[in-house]
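Here the structure comes first, spelled out in structure tokens, and everything after it is commentary.
Just so you know, all these numbers are worked out from the coordinates, no wet-lab data involved. Just so it is clear, the structure is predicted and the values come from calculations on it, not from any experiment. Neighbour counts run over all protein chains shown; Cβ positions are idealised from the backbone, glycine included.
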Amino acid sequence: MEESAESGGGSRRRIDPGSGRRKSAAFPKGRQIEAGARDEIAALLGDRPRDRDLLIEHLHLVQDRYGCLRAAHLQALAAEMRLAMAEVYEVASFYAHFDIVLDDEAAPPPLTVRVCDSLTCALAGGEALLATLPERLGRSVRVVRAPCMGRCDVAPVAEVGHRHVDHADVEGVAGAAAGGDVHAEIPPHIDFDAYAAEGGYALLRECRAGARDAESLIKTLEDSGIRGLGGAGFPSGRKWRFVRQEKGPRLMAVNADEGEPGTFKDRFYLERDPHRFLEGMLVAAWVVEAQAVYIYLRDEYPAVRGILLQAIARVERAGLDGGCRIHLRRGAGAYICGEESAMLESIEGKRGLPRHKPPFPSQVGLFGRPTLIHNVETLFWVRDIVQKGPGWFAGEGRNGRHGLRSFSVSGRVKSPGVKLAPAGITAQELIDEYCGGMADGHRFKAYLPGGASGGILPAGMADIPLDFGTLEQHGCFIGSAAVVVLSDKDDIKGAALNLMRFFEDESCGQCTPCRVGTEKAVKLMSEKHWDGPLLRELSAAMASASICGLGQAAPNPLLCLLKYFPEELT
């Protein structure tokens, strides 16, 4: 019998002279699964389901156990889940918190320290930390840049393993690294018993007992005027109605991936009163008759994850889930997954690439089913709105606006934090009445009314009501109500560049206007003198041709500088 090598990279085959047929060699093509890696992955997964949508969850298991994702483990995981290696690799390589180690590469150090380099932390000294920590911590610790961790009120912030260090300095981070406790610290919060003792879950029980009906709850939300508080501002009652009218089975997804730099209100509420959120979530699921709820939580919130795991288990033990399965899914470091359709893709175990619309998620959402999508804060207020009446919420407001807003305020103010204030309050009023004024030695110069993508306005325009629809004429929007305050000691041009670098890093790369546009914008904005006409042309292309809001809104800060801060560009 003779051997013949086929061209084109195929496997070796033998030719049988008697039959003329080619027979496959005794070994298959491609990377072979290492027996040890196969056994390790099988033991790690145990009796967990091997469903396709659990790929990211299983990748987290592997990384948490071994500190990285070795090629052998990825291959074994692919075989265990009956997936192609390409499917596993493309997902693992998409998310920033996964560390892939190929055959000829060294594993990362056993401990990673992430230092936030987003705007508020940069203002508070994050860059100095990044420059100093590597030498101080030594080679046994890896120090990396990280985007906003949702702790802007205690900037600068570092994360040692999964443990956050607030108001971080070199010695504080070094002490945390040397201490060896790298697990998240669970803050004090209202537990199930305390929440129930104050009337918690009474509304949900009334719904399940038939004392409430779905139509009356939808009408209450509509009358209150509450809109989606994650940034889009779509009327919440109308959203419930749209999903409910679709043919079942239906699902629900909760967006707890608040990655917008400057935003931390969802973390604030989840760390303090998680059951109020869970009750609102289950009431909404009951109204639209969702069979299951998927909570998508950003990986930067490990303490919240610990709280929710305990809270959900307690709700299930009390029988309050009503047969509606609650899934807690863990993100992996991708800002784009805050976009609702990218979040759905991630929940399904895929790369977080935004979908084209229509169809909208209320029609074809998670796993192809009609899906109700809400952010955390919107659901947090459901119980209060229903029990206190729609007038309680609608009766708040200033300057002709209605409702309440949770403002995440950071930057150069005396008292940063989450400020529950009337919708329509101005930035100047917010600073003076809720934040104790400007920090000592700082004079109000500019502010971001809606986080990184909401634009930048000068202090002379701090009398504009902050609400949906009030800022768009000025090239800005309120979004998730993240207000970052800048002073006369800050470089506004440098702030805009910081924001654009964030968008460049976080672009999913699916569409050319965003992928290339953010990169080109960073290069142009890094020049001493900005080419205004070219930047405007580039911004127009990004805003009109990008698939999702990331690319569409990324130019807002630079356009605001060109319009309102010409003196900064000379």
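Any idea what the dipole of the chain comes to, in debye rounded to 20, about its Cα centre with Lys/Arg Cβ at +1 and Asp/Glu Cβ at -1? Intermediate results must be reported in sequence, preceding the final value.
Working: 68 positive and 76 negative charges, 300 e Å.
In debye, rounded to 20, the chain gives about 1440.
Extension gain Met85-His356, at 0.36 nm per residue separation less the Cα-Cα distance, in nm?
Values: separation 271, 0.36 × 271 = 97.56 nm, distance 2.65 nm.
Additional length available on full extension: 94.9 nm.
For the pair Arg325/Glu127, report the inter-label distance in nm, with labels modelled 7 Å from Cα in the Cβ direction.
Between Arg325 and Glu127, the label points sit 4.9 nm apart.
Could you tell me the relative contact order of the chain? Use alpha-carbon pairs under 8 Å, at least six residues apart, and round to a whole percent.
Values: 1092 pairs, mean separation 66.2, N = 570.
Relative contact order, the chain: 12 percent.
Taking H placed 1.01 Å from N in the peptide plane, check which residues at least 5 places from Asp257 or on another chain put their amide H under 5 Å from its amide H.
Residues meeting the amide H criterion: Arg298.
Rg to Rh for segment 22-154: what is it, with Cα atoms only and Rh by Kirkwood?
On the way: Rg = 18.8 Å, Rh = 17.2 Å.
Rg/Rh for segment 22-154 comes to 1.09.
Percentage of Cα-Cα pair distances in segment 215-345 greater than 22 Å, rounded to whole percent?
Numbers: 3190 of 8515 pairs.
More than 22 Å apart: 37 percent of the Cα pairs in segment 215-345.
Hand me the GluC sites (Glu not before Pro) from segment 62-121 located in a DSSP loop with no more than 12 other Cβ atoms within 10 Å, in residue order please.
Here the sparse-neighbourhood loop sites are Glu105.
On the first, second and third principal axes, largest extent first, how far apart are the outermost C-alpha atoms of segment 390-530 in Å?
For segment 390-530, the Cα extents along the three principal axes come out at 47, 39, 24 Å.
Among DSSP beta bridges whose residues both lie in the chain, state the antiparallel percentage, nearest 5. If you can, show how the numbers build up before the last one.
Values: 27 of 56 bridges.
In the chain, DSSP labels about 50 percent of beta bridges as antiparallel.
Assuming 1.306 mPa s and 10 °C, estimate D for segment 418-487 with Stokes-Einstein, Rh taken as the Kirkwood radius over Cα pairs, in µm²/s. Before the final figure, lay out each step's value.
Numbers: Rh = 11.9 Å.
Translational diffusion coefficient: 133 µm²/s.
Calculate the spin-label point distance for Ser216 paired with His474, positioning each point 7 Å from the Cα along the beta-carbon direction, and give it in nanometres.
Going from the His474 label point to the Ser216 one covers 4.3 nm.
Send over the Kirkwood Rh of segment 370-467, from the inverse of the averaged 1/r over different Cα pairs, rounded to one decimal Å.
14.8
How much net charge surrounds Arg401 when only the other residues with a Cβ under 12 Å from the Cβ of Arg401 are counted, with Lys and Arg +1 and Asp and Glu -1? Present the calculation step by step, with values, prior to reporting the outcome.
Details: positive: Arg227, Arg398, Arg405; negative: Glu396, Asp467.
That sum, taken over residues with Cβ under 12 Å, equals +1.
Any idea what diffusion coefficient the chain gets from Stokes-Einstein, in µm²/s, Kirkwood Rh on alpha carbon pairs, 20 °C, 1.002 mPa s?
84
I'd like to know how segment 33-91 sits against the 2.2 N^0.38 Å rule of thumb: what's its Cα Rg over that expected value? Walk me through the numbers before you get to the answer.
Values: Rg = 9.9 Å, N = 59, 2.2 N^0.38 = 10.4 Å.
Rounded to two decimals, the normalised Rg is 0.96.
Give, rounded to the nearest 20 debye, the magnitude of the charge dipole that segment 204-313 has about its Cα centre when Lys and Arg contribute +1 at Cβ and Asp and Glu contribute -1 at Cβ. Please report the intermediate quantities before stating the final value.
On the way: 17 positive and 16 negative charges, 57 e Å.
Dipole size: approximately 280 debye.
Kyte-Doolittle cut-off -1.0, length cut-off 18 Å along the helix's own axis using Cα: show which whole DSSP H helices in the chain pass. Spell out each step's value before the answer.
Values: long enough: 274-288 (22 Å, 0.96); 302-317 (23 Å, 0.49); 492-506 (21 Å, 0.03); 512-525 (19 Å, -0.06); 532-545 (20 Å, 0.64).
Within the chain the helices that satisfy the rule are 274-288, 302-317, 492-506, 512-525, 532-545.
Mean separation of Cα pairs under 8 Å and 6+ residues apart, divided by the residue count of segment 298-442: what relative contact order is that in percent? Numbers along the way, then the final one.
Numbers: 152 pairs, mean separation 16.1, N = 145.
Reported relative contact order: 11 percent.
Compare the Cα positions of Thr112, Val293, Asn556 along the charge dipole of the chain (+1 at Cβ of Lys, Arg; -1 at Cβ of Asp, Glu; about the Cα centre) and return the one farthest towards the positive end.
Val293
Within a Cβ distance under 15 Å of Ala176, other residues only, what is the Lys/Arg minus Asp/Glu net charge?
Details: positive: Arg114, Arg136, Arg142, Arg151, Arg163; negative: Glu159, Asp166, Asp169, Glu171, Asp181, Glu185.
Residues near Ala176 contribute -1 overall.
Taking R0 as 22 Å, what FRET efficiency do you get between Phe367 and Gln245 from their Cβ-Cβ distance, rounded to the nearest 0.05?
0.70
Under a 5 Å amide H to amide H cut-off, with H placed in plane at 1.01 Å, what residues pair with Gly411 once short-range neighbours are removed?
Distant-sequence amide H within range of Gly411: Val485.
Give the calculated FRET efficiency between Asp488 and Arg272 to the nearest 0.05, with a Förster radius of 45 Å applied to their Cβ-Cβ distance. Numbers along the way, then the final one.
Numbers: r = 35 Å, r/R0 = 0.77.
Taking R0 as 45 Å, the efficiency between Asp488 and Arg272 is 0.85.
Compute the length gained on full extension between Ala540 and Arg238: take 0.36 nm times their separation in residues and subtract their Cα-Cα distance, giving the result in nm to one decimal.
Working: separation 302, 0.36 × 302 = 108.72 nm, distance 3.19 nm.
Between Ala540 and Arg238, full extension yields an extra 105.5 nm.
State the three equivalent ellipsoid semi-axes of segment 194-272, derived from the C-alpha gyration tensor as the square roots of 5 times its eigenvalues, in descending order and whole Å. The partial results should precede the final answer.
Details: eigenvalues 116, 83, 32 Å².
Each semi-axis is the square root of five times an eigenvalue, giving 24, 20, 13 Å.
In straight Cα distance, which lysines are under 23 Å from Lys563, not counting same-chain residues fewer than 8 positions off?
Cα-Cα hits under 23 Å: Lys445, Lys489, Lys493, Lys520, Lys523, Lys528.
What's the Cα-based Rg to Rh of segment 502-570, Rh via Kirkwood?
Numbers: Rg = 11.5 Å, Rh = 12.0 Å.
My calculation puts Rg/Rh at 0.96.
Relative to a virtual label point 7 Å from the Cα of Ala107 in the Cα→beta-carbon direction, which members of segment 42-62 show backbone nitrogen distances below 13 Å?
62
Can you tell me the dipole magnitude for segment 117-168 around its Cα centre, using point charges on the Cβ only (Lys, Arg +1; Asp, Glu -1), in Debye to the nearest 20?
Numbers: 6 positive and 6 negative charges, 50 e Å.
With Lys and Arg at +1 and Asp and Glu at -1, about 240 debye.
Take the Cα atoms of segment 81-208, find their three principal axes, and give me the spread along each one in whole Å, biggest first.
59, 46, 29
Considering only Ala452, Gly391, Leu372, whose Cα is most displaced toward the positive end of the charge dipole of segment 368-471, charges sitting on Cβ of Lys, Arg (+1) and Asp, Glu (-1)?
It is Leu372.
Looking only at trypsin sites (Lys or Arg not before Pro) in DSSP loops with at most 11 other Cβ atoms within 10 Å, what is the longest site-free stretch of the chain? All intermediate terms of the calculation are to be shown ahead of the outcome.
On the way: sites that count: Arg21, Lys29, Arg82, Arg139, Lys247, Arg443, Lys528.
Looking at the chain, 248-442 is the longest stretch - no exposed trypsin sites (Lys or Arg not before Pro) with at most 11 other Cβ atoms within 10 Å.
Relative to the present Cα-Cα distance, how much length would full extension add between Ala313 and His529 at 0.36 nm per residue of separation?
Value of the extension gain: 72.1 nm.
Starting from the 7 Å offset along Cα-to-Cβ, what nm value, one decimal, do you get for the label separation of Asp223 and Asp166?
Placing both labels 7 Å beyond Cα along the Cβ direction yields 3.9 nm.
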